[in-house]
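The values are calculated or read from the model by the stated rules, or taken from the named source; none is laboratory data. Here the structure is a predicted model, which is why all the values come from computation and not from measurement. Glycine also receives a Cβ, built like all others from the backbone with ideal geometry; neighbour counts cover every protein chain displayed. Protein only, heavy atoms only, side chains kept; ligands, DNA and RNA dropped before computing areas. Shrake-Rupley method; radii C 1.70, N 1.55, O 1.52, S 1.80 Å.
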Amino acid sequence: MNDLERPRNVFLTGVGGHGVLAVSRVIAEAALARGFDVRRSEVHGMSQRGGSVVSQVRYGPRVHSPLIARGAADILVSLELLEALRHLHALRRDGILLANEQRITPAPIGGLTVAYPDDPRGVCEQRVDRAIFLPALDIARELGEEKAANMVMLGAYSVLAPEIPEATWLETIATAFRPRFRELNVAAFGAGREVALRSAGAGAAP
Amino acid sequence: MVKRLLTGNEAIAEGARVGGALFASAYPGTPSTEILETIARQGDVRVQWAPNEKVALEVACGVSLGGGRALCAMKHVGVNVAADPFFSASYSGVGGGLILVSADDPAMHSSQNEQDNRHLARAAKVALLEPSDSQEAMDFVALGFDLSEKFDTPVMLRVTTRTCHSMSPVELDPHARYEPVLRPGYERNFRKNVLLPANARVRHEAVEERLAQLEEFGNHERALNRIEWGDRTIGVITSGIAYQYVREVLPEASVLKLGLTHPLPRQLIREFGAGVDELYVVEELDPFLEEQVRALGLHPVGKEIFPITGELDPDRVARGFGIEPLGAGIEPVDASLPLRPPVLCAGCGHRGVFYTLSRMGVAVTGDIGCYTLGSLPPLESMDACLCMGASVGMAQGMEIALRAAGDDRPVVGVIGDSTFVHSGITGLVNTVYNGGSGTLLLLDNGTTAMTGHQEHPGTGVTAEGDATIALDYVAVCHAVGVRRVREADPYDLEALEAAIREELAADEPSVIICRAVCRLVDRTPIADPAELEIECPGCGTCFELGCPALDGSSGQAVIDPAVCSGCALCVQLCPFCGLRIHGHEAVVQESVS
Ligand SMILES: Cc1ncc(C[n+]2csc(CCOP(=O)(O)OP(=O)(O)O)c2C)c(N)n1
Ligand code: SF4
Ligand code: SF4
């Protein structure tokens, strides 16, 4: 299905400095290029210093609110596991979780780290019927740049969003970043897309 | 025309260019900061960071008087600082169009209060515009300049965090060339621009006439105020971002969408009220529209079902209307998940100062900036943080009260460099003039860190990126009459404490300047990461620094070398001399002694 009857609600989350906002920007720009109405919002208070970052993108024939109603997100894209847990309730009951397997321990406060949840993946799988986990960091490392993990996640997202053709994604990525990162970003996007397609083909989620 | 996705702030910047602004000024403040940053990047309109909002607006008033269009941006509390010129500029009116952007912060994402500045526009009797998305943010700036000149009034463009930081499509003309709109031929106009009482009395009459004309304009100008007729059983009056939520939640309802919210188009409101069965007002924060609609003899439902505090969102609007939750979501994960609260960066120069103060049993009046984090555990060494610049005056006032109560605890004021320039200097003049004897710590990290690292008069660089004369803090302090001015290295704990003790002992006002460049401005490590050279016995002394590079959860200190900047604070604290830094022998030896 290449057209949308109602807005698609994408909730993105992660930790400051890991490129959540870049992913949400590319999704928003690609949706605009595809001819959809778009709203995007972000909360980036202390993002430069490793805080939680949230961004929301909505696109469709006509969109009004930049904010997604609670429990109305179609897809939750999380670049980090703890942040996925924190925002799980943004998802509709039949929503899809797309999460990077990376764990980033919160900075210690007064020398004390609060224990990272034991089995974040298990908790997600228990609550969400369609949960997809990707080793985006490993994939990006293989490509030679950890920072491209966010583009791996974008590639995986693109598989879940057939309403935006692959060519539109590639054009958007090409214009969204400085030329010297273009090749890397396209490679990371392609790798993420491939992994997601493969897991879809293998009958796992989605 | 091309469609581009812009944040509200970027759209306002685009509006300044399209609207032919000659000049824009600002003092940074979330959520407004990116407006001036974007205008500066575009490189057309001339831009300035001002030392504070009052000066920003006064320069803009001068540009307007001289015939150029000027835009001045600030966060909501900034308008309090700029209120004096703002209220009187209303009487003078304008030469070139004048827009004050007030970026309000409902829900206080990054503010000390959530005041609703629509009241200030009304009190100042100026035109008030409230855009509800980026397209309107851009259009209302261009339109606002026209309105400003046509009705001879400053215009307040009131936006909120959600409009500032949300993106939506904006139609742009890619071939539009920047051309400042100027009113040439400036001539002195004593009766209008010199607000002596005799002139101001006449001007007030003009202001009231202007409001009547603006209201009439607002009754008919569809680009600003329009009725969207739908199902007539429910009619909603709304403005700003709340309009988007109403449209989302009640797509069928009739809506009166207000863009010009002061003065209100009373005729249009009456017409709308008469055309619907049940009337509602949906607005963020105060019942600003609601009370005025009520005064017309209408009976809207408003704040009894919609919250007066915090932000609206689709859920809160739906709940107010008694609509089922919009989403049927997954249960939240109830386990107490570890948070990622803001902390001072590893190696931040503010840390040593607050660590030292936390050991000294002094009262600390604080101020606003990254250093406000010194009030949180484990440093917890700030007694108050009120508004920008308040640390200085409050220190002196507190000293008066403590002494009267027979309490001889010393009082220390702590202020950042940008905040000192903003409004600390006048406080210091007061301390000297009125015989205070406290000590002020001026934390000079060479930037306005809290709001994203803007230049300011102390950094020696302008908003346009040019080198300029940097404010000389030592000279300023001397000039206002502080005789005891010294510098202390915030990375040298012993020397810092000694300096503070010495200055507190002196029976006259003193300033200690603690200089350490913000770690996000200069990211080069200060030295190699700290290393443990012994089996850490886990005494926990160094954990008291609250450094994010230092993890003690295992009972022993573990340093993350990727995060540690080599500031050596922990090295100085370790009572077993077990922490070392390569090339920092001097400091280590001192801590041994
Ligand atoms: C009147 C007013 N204007 C602007 C702000 C936004 N604001 C908060 S802190 C700050 C400046 C902080 O800079 P500085 O004092 O240098 O401290 P730093 O964050 O660099 O440590 C600003 C502009 C505000 N809170 N109040
Ligand atoms: S941003 Fe700069 S001033 Fe703020 S905590 Fe980090 S180092 Fe300190
Ligand atoms: S030297 Fe110690 S206090 Fe300084 S950044 Fe490194 S771990 Fe933190």
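Assess whether B:VAL94 counts as being away from ligand 2 (no atom under 16 Å from the Cβ), touching a residue at least 24 places away in the same chain (Cβ under 8 Å) and within 14 Å of chain A (Cβ to nearest Cβ). Taking the combined requirement at face value, the residue does not satisfy it. Which residues, counting only those in region B:385-415, are more than 16 Å from ligand 1 (Cβ to nearest atom), open to solvent by less than 40 Å² (accessible area, probe 1.4 Å) and free of Cβ contacts under 8 Å to residues at least 40 places away in the same chain? If the condition is that a residue be more than 16 Å from ligand 1 (Cβ to nearest atom), open to solvent by less than 40 Å² (accessible area, probe 1.4 Å) and free of Cβ contacts under 8 Å to residues at least 40 places away in the same chain, then B:GLY397, B:GLU399, B:LEU402, B:ASP407 are the ones that fit.
Looking across B:GLU455, B:GLU497, one residue alone is within 16 Å of ligand 2 (Cβ to nearest atom) and either touching a residue at least 12 places away in the same chain (Cβ under 8 Å) or open to solvent by 20 Å² or more (accessible area, probe 1.4 Å) (or both). It is B:GLU455. Helices (runs of 4 or more DSSP H) fully within region B:5-124 that include at least 2 residues being open to solvent by 40 Å² or more (accessible area, probe 1.4 Å) and within 22 Å of B:GLY460 (Cα to Cα): B:33-42, B:53-65. For region A:111-153, filtered to residues that are open to solvent by less than 30 Å² (accessible area, probe 1.4 Å) and assigned to a strand (DSSP E or B), the residue that is nearest to the other protein chains (Cβ to nearest Cβ) is A:ALA131. Scanning region B:169-204 for residues that are within 30 Å of A:ARG25 (Cα to Cα) and either hydrophobic (A, V, I, L, M, F, W, C) or in contact with a Pro (Cβ under 7 Å, 6 or more places away or on another chain) (or both) yields B:VAL170, B:LEU172, B:ALA176. I'd like the residue in region B:357-368 that is open to solvent by 10 Å² or more (accessible area, probe 1.4 Å) and not basic (Lys, Arg) and, out of all such residues, is nearest to B:THR447 (Cα to Cα). Residue satisfying both the conditions and the ranking: B:ILE368.
Residues that are open to solvent by 50 Å² or more (accessible area, probe 1.4 Å) and closer than 13 Å to A:GLY60 by Cβ within region A:20-37 comprise A:ARG34, A:GLY35, listed in sequence order.
Can B:GLY393 be described as more than 16 Å from ligand 2 (Cβ to nearest atom) and assigned by TED's automatic domain parsing to the domain that holds B:GLY424? Taking the combined requirement at face value, the residue satisfies it. The criterion of being within 12 Å of another protein chain (Cβ to nearest Cβ), in a helix (DSSP H, G or I) and open to solvent by less than 20 Å² (accessible area, probe 1.4 Å) does not hold for A:LEU97. Residues in region B:225-245 that are among the β-branched types (Val, Ile, Thr) and touching a helix residue (DSSP H, G or I) at 6+ places or on another chain (Cβ under 7 Å) were compared, and the one that is surrounded by the fewest Cβ atoms within 10 Å (Cβ to Cβ) is B:ILE227. Per the listing B:ASP133, B:ASP146, B:ASP173, the residue uniquely within 11 Å of chain A (Cβ to nearest Cβ) and either at pLDDT below 95 or open to solvent by 10 Å² or more (accessible area, probe 1.4 Å) (or both) is B:ASP133. Within region B:416-430, residues that are closer than 18 Å to B:HIS350 by Cα sit with their Cβ atoms under 8 Å from residues that are surrounded by fewer than 24 Cβ atoms within 10 Å (Cβ to Cβ) and of a type in the set (Phe, Trp, Tyr), at 6+ positions apart or across chains, in these pairs: B:ASP417/B:TYR473; B:PHE420/B:TYR473.
The numbered conditions (1) in contact with a strand residue (DSSP E or B) (Cβ under 6 Å, 6 or more places away or on another chain); (2) within 13 Å of ligand 1 (Cβ to nearest atom); (3) not small (Gly, Ala, Ser); (4) not in a loop (DSSP other than H, G, I, E, B) are all true for B:VAL421 except (1).
Here region B:330-356 is the region considered, the condition is being open to solvent by 20 Å² or more (accessible area, probe 1.4 Å) and away from ligand 2 (no atom under 16 Å from the Cβ), and the residue that is modelled with the lowest pLDDT is B:ALA335.
I'd like to check something: does region B:478-492 contain any residue that is open to solvent by 70 Å² or more (accessible area, probe 1.4 Å), within 16 Å of ligand 2 (Cβ to nearest atom) and either within 14 Å of chain A (Cβ to nearest Cβ) or hydroxyl-bearing (Ser, Thr, Tyr) (or both)? No, because not a single residue in region B:478-492 is open to solvent by 70 Å² or more (accessible area, probe 1.4 Å), within 16 Å of ligand 2 (Cβ to nearest atom) and either within 14 Å of chain A (Cβ to nearest Cβ) or hydroxyl-bearing (Ser, Thr, Tyr) (or both). Anything in region B:521-540 that is away from ligand 3 (no atom under 11 Å from the Cβ) and under 36 Å from the mean Cα position of the chain (by Cα)? List them, or say none. Of everything in region B:521-540, those that are away from ligand 3 (no atom under 11 Å from the Cβ) and under 36 Å from the mean Cα position of the chain (by Cα) turn out to be B:VAL521, B:ASP522, B:ARG523, B:THR524. Looking across region B:325-367, the residues that are farther than 15 Å from B:VAL414 by Cα and within 12 Å of ligand 3 (Cβ to nearest atom) come down to B:VAL343, B:LEU344, B:CYS345, B:ALA346, B:GLY347, B:CYS348. Here's a check for you: in region A:47-92, which residue that is of a type in the set (Gly, Ala, Ser), assigned to a strand (DSSP E or B) and more than 8 Å from chain B (Cβ to nearest Cβ) is surrounded by the most Cβ atoms within 10 Å (Cβ to Cβ)? That would be A:SER78.
Every test in (1) farther than 21 Å from B:TYR355 by Cβ; (2) touching an Asp or Glu at 6+ places or on another chain (Cβ under 6 Å) is passed by B:ARG515 save one, and that test is (1).
Taking the conditions (1) at pLDDT 95 or above; (2) over 30 Å from B:ASP44 (Cα atoms); (3) more than 16 Å from ligand 3 (Cβ to nearest atom) in turn, B:THR462 satisfies each one other than (2). Check B:ALA568, B:ALA549, B:ALA530 and return the single one that is open to solvent by less than 70 Å² (accessible area, probe 1.4 Å), away from ligand 2 (no atom under 16 Å from the Cβ) and of a type outside the set (Ser, Thr, Tyr). Exactly one of B:ALA568, B:ALA549, B:ALA530 is open to solvent by less than 70 Å² (accessible area, probe 1.4 Å), away from ligand 2 (no atom under 16 Å from the Cβ) and of a type outside the set (Ser, Thr, Tyr), namely B:ALA530. Residues of region B:177-198 that are hydrophobic (A, V, I, L, M, F, W, C), more than 32 Å from the chain's Cα centre (by Cα) and not in a helix (DSSP H, G or I): B:LEU196 alone.
Being within 30 Å of B:HIS175 (Cα to Cα) and among the aromatic types (Phe, Trp, Tyr), is that true of even one residue in region B:37-58? Yes: one or more hits. Would you confirm, using the coordinates I've provided, whether B:PRO509 is over 26 Å from the mean Cα position of the chain (by Cα), within 16 Å of ligand 2 (Cβ to nearest atom) and open to solvent by less than 30 Å² (accessible area, probe 1.4 Å)? Judged against the criteria, B:PRO509 is not a match. For region B:507-557, filtering for residues that are more than 10 Å from every other protein chain (Cβ to nearest Cβ) and in a strand (DSSP E or B) leaves 8.
A single entry from B:GLU324, B:GLU248, B:GLU252, B:GLU291 fulfils the requirement of being open to solvent by 40 Å² or more (accessible area, probe 1.4 Å), free of Cβ contacts under 8 Å to residues at least 12 places away in the same chain and within 14 Å of chain A (Cβ to nearest Cβ): B:GLU324.
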